[in-house]
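Derivation of every value follows stated rules applied to the coordinates shown; laboratory data play no part. Since the structure is predicted, the reported quantities are computational estimates derived from the model, not experimental observations. Glycine also receives a Cβ, built like all others from the backbone with ideal geometry; neighbour counts cover every protein chain displayed.
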Amino acid sequence: MTTLPSADEPATWPIVALPVSSPWPIVRVAPDGNVAQFGALPAPLNALVRCDPSGRLWSLDPTAATVTGYALDGDDVREVVVHALPDHFETADMAVDERHVYLGGKAAWGIPEIDEALRRSKAGLPFNDGYDQPKVWFRGALDGPAWSALALPPLPAVMRRFLSQKAVDALVLDGDRLVAVDDVVLPKWFFLFDRVAEGGPAHVGTVDLSHGPNESTLHGAARSSQWIALRSGGATRMGEYRRVRIYARGSLEARASLSERLDRRSGTRKEDPWGGAAFVGEHLLVATLSDRLLEIDCTRLDAPPGRDPGPIDLGERAARVKIAGSASVLDVIPVDAWGGALVIVEETGGQRRAVWHRVGDARR
């Protein structure tokens, strides 16, 4: 039974790990957003960190090529298992449920047989196009057999020669299903897997993924009780763009989107169009890699099903929140119990810190 947090009982306050230093501080979050550190997660800043339903933390270290599970026993952080990553696989995302760890990504280029497939593709010769290379792996979280690949559905032969670089760049746990978001090279899909199927996760459906010329590369997904939001970026002859597109959680029908042109002079850092994102209730918070946080009120998305979704009205449905002293808003750590999030920011000198933001307090 889950213990509900009580403002008067610090032991019940939400626990999160903060990507502000290595190791990551593990903290309890008070109702006013203040934090108290009680442990540390031995993970690099570029690690993927997830929390499973039992409260264990999982860290994917791309340099060490490992996934490590940690149990929180009171104020103690204890390593419980270490898994080596699959060979020749470039991981883009990780999800963890009650029983399994899932990895999304693509076959790592540089393997001789894949290089040869690419050469034959460019020459117009028959080849194994790499689509058959695993895009989603899974294994028992704490024990069980080694990594197994989830089978993707067969595709028409006429399309296969163009799919050597197909990848799964985001994974979403949605009830009893795993939603794998297929990205890179058109067309794109949501691949749906039954996580609780007898004999292991199984493919149960495929849904076309809406896309535009400025959505060539996916940069992550977030889920609420009603919506799944994807953030992406791309370029056209008019310049670089970035987009947030929001889908109804059940049908995966696109319901609304926000698109904007990137102005590198505005402070957006590096080559990525977006930082992290998360829902707090039905409010979507997106790190912009500038000095502002994008907040979209998804309770007001009312586009009728089947209608082509229009752009989100920035004035009425979304706001840009100025984060004081921030050079770049990098990530969002949701704290649903208190109706807000810890926003990870980087200051001009490169130091990172966490700033509390309560949803609905947006200041344009």
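Based on Cα atoms of the stretch 1-84, Rg over Rh with Rh as the Kirkwood radius reads 0.98. Compared with the alpha-carbon gap, the fully stretched path from residue 348 to residue 54 is longer by 102.1 nm at 0.36 nm per residue.
Here the gap between residue 32 and residue 84, fully extended at 0.36 nm per residue and compared with their Cα-Cα distance, gives a gain of 14.8 nm.
Residues whose amide H falls under 5 Å from that of residue 327, counting only those 5 or more places apart or on a different chain, are 346, 347, 348, with hydrogens built in the peptide plane. Between residue 217 and residue 202, the distance separating the two model label sites (each 7 Å from Cα on the Cα→Cβ line) works out to 3.8 nm. Whole-Hz Karplus values for the stretch 281-296 come out as x, 10, 9, 8, 10, 10, 6, 9, 6, 10, 8, 10, 9, 8, 10, 10 Hz, taken residue by residue from phi with 6.51 cos²θ - 1.76 cosθ + 1.60 and θ = phi - 60°; glycine and proline positions read x. In sequence order, the stretch 244-254 has phi-based couplings of 10, 10, 10, 10, 5, 4, x, 7, 6, 8, 5 Hz under the Karplus curve 6.51 cos²θ - 1.76 cosθ + 1.60, θ = phi - 60°, and Gly or Pro positions carry x.
Here's how it looks for residue 66: its modeled amide H is under 5 Å from those of 61, 85, which are all 5 or more places away or on a different chain. In this simple spin-label approximation, residue 8 and residue 174 carry label points 7 Å from Cα along the Cα→Cβ vector, and these lie 4.2 nm apart. Shown is the FRET efficiency for residue 235 and residue 63, computed with R0 = 25 Å from the Cβ-Cβ distance and rounded to the nearest 0.05: 0.25. Under 13 Å from the Cβ of residue 225, count the other residues' Cβ atoms, weight Lys and Arg +1, Asp and Glu -1, and hand me the total. After counting each charged neighbour, the total is -1.
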